[in-house]
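The values are calculated or read from the model by the stated rules, or taken from the named source; none is laboratory data. As the structure is a computational prediction, the values presented were derived from the model and not from experiment. Here the Cβ positions follow ideal geometry from the backbone for every residue, glycine too, while neighbour counts run over all protein chains shown. For the accessible areas, the whole protein counts, side chains as well, though only heavy atoms, and no ligand, DNA or RNA atoms are used. Shrake-Rupley method; radii C 1.70, N 1.55, O 1.52, S 1.80 Å.
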Amino acid sequence: MSQFDAELLVLLVRDFYGSLASTVIDTLLKEGRLSLSLLARYSSLSTATIQRVLVPLLQLRFVRHSVFDSPTTYVVSPEHIYSSIVRAGQIIAYVDDIFSEEESSAALQVIKNLLLYGHIRISDYLSAAPNPAASTSAIATLLRRKLLTTLTTEEFAPESDRVRALINEKLASIPRKATVSESKRAQAAELEAQEAWHRIATRHDSLSDGFLSSGEVDTSVVVTVNHEKFAVLARSRVLVDFAKRRIGAVTAAVYKHVLETMEPRLFRSDESRITISSLEILKNLDEDLDLGHALAITSRRRKRDSSGSDSESSQQRPHKRRRKENDSSSSESESDYEMNGNNSKSASQMEVLNMHLALLCSSPSLPFLKRVGSKGGGEYTIDFSALMNSIRALEYDKLIAKRQGAVACRLLRIIRDKGRIDEKQIAQAALLPAKEIRAHLTALHECGGLDLQEVPRGADRAPSRTYYLWHHRPAAAHALMAQQVIRAMTRCYARVIDERARRPGVFAKIAREAALSAAEVEEVRKLRDVEEKLVVQITRLDRLVLVFRDCL
Amino acid sequence: MPPVKSSYKASGSSAAEPYTLPSPPASSASSSASTHMEGLNKAAQSLYTKMITSNEDGHVYTQAELSELAGISDAMKLMPLIQEHMNLGLVKMLRQGDDLCFQAVKKEEAEKIQAMSKDEAMVYSYIESSGTEGIWTKTIKAKTNLHQSVVQRCLKSLEGKRYIKNIKSVKYPTRKIYMLYNLQPSIDVTGGPWFTDSELDTEFISSLLSIVFRFVASESFPGDDHRRLSVSSKPRKRNSSKATQHEQLSFPASYSKYPTVSSIHEFVRNSGITTVDLAPADIKSLIDVLVYDGKIEPIDEGMAYRAIPGATPECGADLGADAEIGGGVVWDALTEVPCGPCLVSDLCRAGGPVSAEECIYLDEWLIQ
Ligand code: SF4
């Protein structure tokens, strides 16, 4: 939890929930876990005030309370605040997207209420909802798609507490023995607790979660927004965007479909491997997608025609050498398509789909997809962590290239590729004069992209007899970059708030629904422009946060 | 005169020190080559001719080889012959390990040396023995034991006669290094094809990079002799007019004609872009830089390369940062907002010397 994270959260909470709430959050972020009386002392607020403020914060689960300590202590859940506020807009947009027009209003109502109140018991919500039937079906769909998840009482306690309680429980259940050392016992308990925690953490994954055995929604359960699932969806969007830029729109559409087919089985972004087959992918593939149109094949006819004219073919020849090993197989496959190629319905849909999937597998630097078997027309999986690593590295390089120039980026990529390496070798690989790269290396060092290691050649550690090796530590560099993104976000946000505060009169009038003068209308329009620009920027920065911090 | 050094390098450089030439007889200082030969007796003349013709230039003969060549097995009889050669500078004596060896010197060469002063000849012999590496003036001074000014004078006069030349070394840019006039400096000295006058020729490199990239790019995307696998039978949707501008047309993954190191090498060689002789390894270095710049990527375990869509031949890193292929999102959200690259960001806080509320960079950005 860095200073910038805290700054952003306090700002967000102040804007949405007022300055008292933000003071409480600020105090808890600064001091860590506090009991009510200590919270009152550090925040200089009265206990009564704090209690009043804590209610909504606990309801939203921005603050968790420990049930194991006495007196009760309070802890902030920073990730939860961040996703609830910063990603609220995206969540609403996504829900709007997946529902048909008639259904979406009820679904949006549910999501907005959940974002506002944190959690809701379904029966309570339905009793107040204008159209209970529509709301029930919306909730059912949201639950089935895991966009909502059920909530248990324990989940109002901090996660760390729950894990610790679990460990203690397991520890107590393992009897002390003279033959077993205490550290062994603790280890065993931890292992058991880990397993138990995994069961607890994934217990909402079951498809029947929140449903009665009859298949109807269990109205007695409490539900909340499932931020983990929304992070998965946001990640999918990032991946599809990349596929679009690296390969093309049609292949990206196929990829989107692959991810959507996998989606019901993807519960959180740190979970790995799901294997699906071409058959599964093909089943619901959009039939309007013209797969073959995006693929090129050698046009035999044209080639034969042109081979008549010597000058042209001799011009072309030297450039078009084939690699020997693949030659036979490729010409084979070409002729395959050639055989059927006379009519527009050339290769079967499955074959063409597999060609697109093969394209997604083809880039070693961005492994969108991985072929793991040949059952069902071909089995594919996505190694999300490897893929996100490549994407993170690519994003990082891009930012470095933009901020420090192309040369710095080239050097960084050389160092990442080669590991620890000295200046001379870097210059050699970069084909740049050694004296020219030093400044860039120093700049990269300053911004946290590079580390310098000194390897003395003698016991005296004389600088002249020392190797200086540069290296890149991705995890540290990316974390730093995430911090910078958060910082920029904070500034944008501060500016939004300030822009509003500059025009108090207009807002008061809008609140009173009084008529605005032409100048005031203009003023509001200007404010909306500025706001929009900043908010759009914040949303885009959030994508970087997703890449650099959340989808590791 | 071909590089001499390599022929006896194997035995260690110190062992191959040239023997200081015996001082030439005063009378022959101005004599011509023919007089050299005339000064020799028949046997010596024929031995010299054999030494020159029976092996490649600069061959180093052992004593045994010489006896065979001359048909004289008795060393006592052979030595005077060789001594005669040496007096005229036609044969050089070298030491290899513990053995003495001999090397024939061309007549013109011998004449050249005979015309030099003793000091000059000595300096010359060291420069000659340094081959294509060249030799540092300080080393000459140390080895010859001559005074600095004498060495300088010798170098000057030898340079004036175009016997030797001053070269620049990439490794030691500040040293004054000499080598024989007609030799080409070795790669160690010149730094290879990327160096011109011991400076990295960045212009040359970047133009080659861009040419190689253009070539790879031209081979990476389907062209005129390719067609689409299926011709769309359905009418394209109206609203997708923007998308059709960048309509996807890709080679299938099985496409096997992406450029390889050797095909790129061949292209560069045949294109006549440069007269510099580039080895496949040099081409590989260029390719690597393009990969590092995010313009091309290796596929098939580095067997072949293809261009990354959206990359441009302009120098510098690309990574498709601004490429809006198919209307994709531009992704540099952080650098676009002034706070990303802001230099005073550390000082920026509410009520601080700079703040988001009063920031002029943000002001400017917001009214853009
Ligand atoms: S608000 Fe202005 S001063 Fe502060 S970080 Fe952003 S650009 Fe820099």
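Annotations for the structure displayed:
- If you go through the stretch A:142-155 and pick out every residue that is crowded, with 19+ Cβ neighbours inside 10 Å and either more than 24 Å from the chain's Cα centre (by Cα) or among the β-branched types (V, I, T) (or both), you end up with 2.
- Restricting the stretch A:256-286 to residues that are in contact with a strand residue (DSSP E or B) (Cβ under 9 Å, 6 or more places away or on another chain) and of a type outside the set (A, V, I, L, M), the residue that is least open to solvent (accessible area, probe 1.4 Å): A:S278
- Qualifying residue in the stretch B:168-183 (condition: at pLDDT below 80, within 11 Å of another protein chain (Cβ to nearest Cβ) and in contact with a Lys or Arg (Cβ under 9 Å, 6 or more places away or on another chain)): no
- Breaking point among (1) touching a helix residue (DSSP H, G or I) at 6+ places or on another chain (Cβ under 6 Å); (2) crowded, with 19+ Cβ neighbours inside 10 Å; (3) not charged (D, E, K, R), for A:T47: (2)
- Residues in the stretch B:331-349 that are assigned to a loop (DSSP other than H, G, I, E, B) and within 7 Å of chain A (Cβ to nearest Cβ) were compared, and the one that is farthest from the ligand (Cβ to nearest atom) is B:W331.
- Of all residues in the stretch A:474-499, exactly one satisfies the criterion of being open to solvent by 30 Å² or more (accessible area, probe 1.4 Å), more than 12 Å from the ligand (Cβ to nearest atom) and facing chain B (nearest Cβ under 9 Å), namely A:I497.
- Among the residues of the stretch A:503-525, none qualifies, meaning not one is of a type in the set (A, V, I, L, M, F, W, C) and within 13 Å of the ligand (Cβ to nearest atom).
- Complete set of residues in the stretch A:243-264 that are touching a residue at least 40 places away in the same chain (Cβ under 8 Å), within 14 Å of chain B (Cβ to nearest Cβ), part of a helix (DSSP H, G or I) and of a type outside the set (G, A, S): A:R246, A:V250, A:T251, A:V254, A:Y255
- In the set B:D282, B:D277, B:D288, only one residue is in contact with a Pro (Cβ under 6 Å, 6 or more places away or on another chain) and open to solvent by 10 Å² or more (accessible area, probe 1.4 Å); that residue is B:D282.
- Residue match in the stretch B:204-227 (condition: more than 24 Å from B:A281 (Cα to Cα), in a strand (DSSP E or B) and open to solvent by less than 70 Å² (accessible area, probe 1.4 Å)): yes
- Matching residues, the stretch A:230-239, being within 14 Å of chain B (Cβ to nearest Cβ) and either touching a residue at least 40 places away in the same chain (Cβ under 8 Å) or surrounded by 22 or more Cβ atoms within 10 Å (Cβ to Cβ) (or both): A:A234, A:V238, A:L239
- Taking the stretch B:82-98 as the range and being under 11 Å from B:Y48 (Cα atoms) and more than 39 Å from the chain's Cα centre (by Cα) as the test, the residues that pass are B:I82, B:E84.
- Flag for B:L278 being in contact with a helix residue (DSSP H, G or I) (Cβ under 7 Å, 6 or more places away or on another chain), at pLDDT below 85 and within 16 Å of the ligand (Cβ to nearest atom): no
- Counting the residues of the stretch A:355-383 that are part of a helix (DSSP H, G or I) and surrounded by fewer than 22 Cβ atoms within 10 Å (Cβ to Cβ) gives 5.
- Looking only at the stretch A:525-552, residues that are free of Cβ contacts under 8 Å to residues at least 24 places away in the same chain and surrounded by 19 or more Cβ atoms within 10 Å (Cβ to Cβ) come to 1 in all.
- Residue match in the stretch A:453-471 (condition: more than 19 Å from A:S365 (Cα to Cα), open to solvent by 20 Å² or more (accessible area, probe 1.4 Å), within 36 Å of the chain's Cα centre (by Cα) and within 14 Å of chain B (Cβ to nearest Cβ)): no
- Every condition in (1) within 30 Å of A:M481 (Cα to Cα); (2) open to solvent by 30 Å² or more (accessible area, probe 1.4 Å); (3) modelled with pLDDT of 90 or more holds for A:V10 except the one numbered (2).
- Condition met for A:I391 (without any contact (Cβ under 8 Å) to a residue 40 or more places away in the chain, closer than 25 Å to A:Q484 by Cβ and among the β-branched types (V, I, T)): no
- Flag if A:D498 is assigned by TED's automatic domain parsing to the domain that holds A:I414 and within 31 Å of the chain's Cα centre (by Cα): no
- Hey, A:A401 crowded, with 22+ Cβ neighbours inside 10 Å, free of Cβ contacts under 8 Å to residues at least 12 places away in the same chain and within 14 Å of chain B (Cβ to nearest Cβ) or not: yes
- Residue count, the stretch A:405-435 (criterion: facing chain B (nearest Cβ under 8 Å) and among the acidic types (D, E)): 1
- Across the stretch B:82-104, the qualifying residues are those that are without any contact (Cβ under 8 Å) to a residue 40 or more places away in the chain and within 26 Å of B:S117 (Cα to Cα), and the one among them that is most open to solvent (accessible area, probe 1.4 Å) is B:Q83.
- Taking the criterion of being within 8 Å of the ligand (Cβ to nearest atom) and assigned to a loop (DSSP other than H, G, I, E, B), the residues of the stretch B:350-368 that qualify are B:S355, B:A356, B:C359.
- Residue list for the stretch A:539-552, filter: touching a helix residue (DSSP H, G or I) at 6+ places or on another chain (Cβ under 6 Å) and within 9 Å of chain B (Cβ to nearest Cβ): A:R540, A:L541, A:D542, A:L544
- Flag set for A:G215, criterion: on the phi > 0 side of the Ramachandran plot and without any contact (Cβ under 8 Å) to a residue 40 or more places away in the chain.
- Residues (open to solvent by less than 40 Å² (accessible area, probe 1.4 Å) and touching a residue at least 24 places away in the same chain (Cβ under 8 Å)) located in the stretch A:104-135: A:A106, A:A107, A:V110, A:I111, A:L114, A:L115, A:G118, A:I120, A:I122, A:L126, A:A134, A:S135
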